[in-house]
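Report on the following structure.
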Amino acid sequence: MRTAVISDIHGNLEALEAVIGDIATRSADRIICLGDIVGYGPNPVECVDLVAETCEWSLIGNHDFGVLYEPTNFNYAAEQAAYWTRRQFEQETDSEKAARRWDFLGRLRVRVLDGPFLCVHGSPRRPINEYLFPEDAVNSPVKMQQIFERIEKYCLVGHTHVPGVFTDEPDFYPPADLDAVYTFVNGEKAIINPGSIGQPRDLNPRASYCVMDLERVEFYRVEYDTEAVAKKIKAIPELSDWLGERLLEGR
Ligand code: ZN
């Protein structure tokens, strides 16, 4: 079975639609989502509807959590965006649609064991909030060891918006170092990050996702109209202009 893995959509509908269109050309059998469907971006409601419609399941990210419950450890811009996002859901006048969305958000999962893949938004240790940064492979070997101890075989994470593969050496490989394909090695544990759909932070503005089976992971990037989304963000006073500007640079 070929599974498309998407993450960190952040209310960016143009990016999500472009990726779903691209996935349709990759003969994937299903799509799963690692969380942060909302937060930062201008179309959180539409993104939730599209994920509900197209994904087999989705995890809860810290931004989904912030909208449903309370933003924790957010900077000012992220907190303002979270409150604005919550209002978009509250403003729905069709009570059936509103109830369906809150129900969907309330049932997002903290962790899923999907075959040999442990799936969490952040890390196996703190599933919603802990970041696994590429630098950790060099700077934090103890952290990486503790994380890998919690993984039977493979793990899928999002949250940093940086695509790539952690191995238990520990090491980190960005897709560019792998020619965009990672082949699982027998006996080697691996943590896969598909990167972000709606707010990439690896200096590549194109939306990032991956398609995998039990043997390998293929990383893909998809172009979309970043200018249009940046414009939408700038037109919403509660969303900081920077949230739009960063999309143009992928940072
Ligand atoms: Zn995120």
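Seen from residue 36, the other residues with C-beta closer than 10 Å to its C-beta sum to a net charge of -2, counting Lys and Arg as +1 and Asp and Glu as -1. Pairs of C-alpha atoms in the chain farther apart than 24 Å represent 42 percent of all such pairs. Once C-alpha pairs closer than 8 Å and six or more residues apart are averaged by separation and normalised to the residue number of segment 3-248, the relative contact order reads 23 percent.
The antiparallel fraction among DSSP beta bridges confined to segment 3-248 stands at about 65%.
For a straight C-alpha distance cut-off of 19 angstrom, the aspartates and glutamates reachable from residue 143 (same-chain residues fewer than eight places away being disregarded) are 130, 135, 152, 168, 169, 171, 188.
Translational diffusion coefficient of segment 160-239 (Stokes-Einstein, Kirkwood radius from Cα pairs, 4 °C, 1.567 mPa s): 93 µm²/s. Measuring between their Cα centroids, segment 94-113 and segment 147-172 lie 27 Å from each other. Helical content of the chain, expressed as a calculated mean residue ellipticity at 222 nm, amounts to -10000 deg cm²/dmol (DSSP H runs of 4 or more residues, -39,500 (n - 2.57) each, divided by residue number, nearest 500). Oblate is the label for segment 20-157, because the ratio a/c of its alpha-carbon gyration tensor axes (a ≥ b ≥ c) is 1.5 or higher and a/b is not greater than b/c. For segment 3-248, the carbon plus sulfur part of the accessible surface works out to 47%, probe radius 1.4 Å.
The values are calculated or read from the model by the stated rules, or taken from the named source; none is laboratory data. The structure presented is a predicted model; accordingly, all values stated were derived computationally and were not measured. Cβ: placed from backbone, ideal geometry, glycine included. Neighbour counts: every protein chain shown. Ligands, DNA and RNA are excluded from the accessible area calculation, which covers all protein heavy atoms including side chains. Shrake-Rupley method; radii C 1.70, N 1.55, O 1.52, S 1.80 Å.
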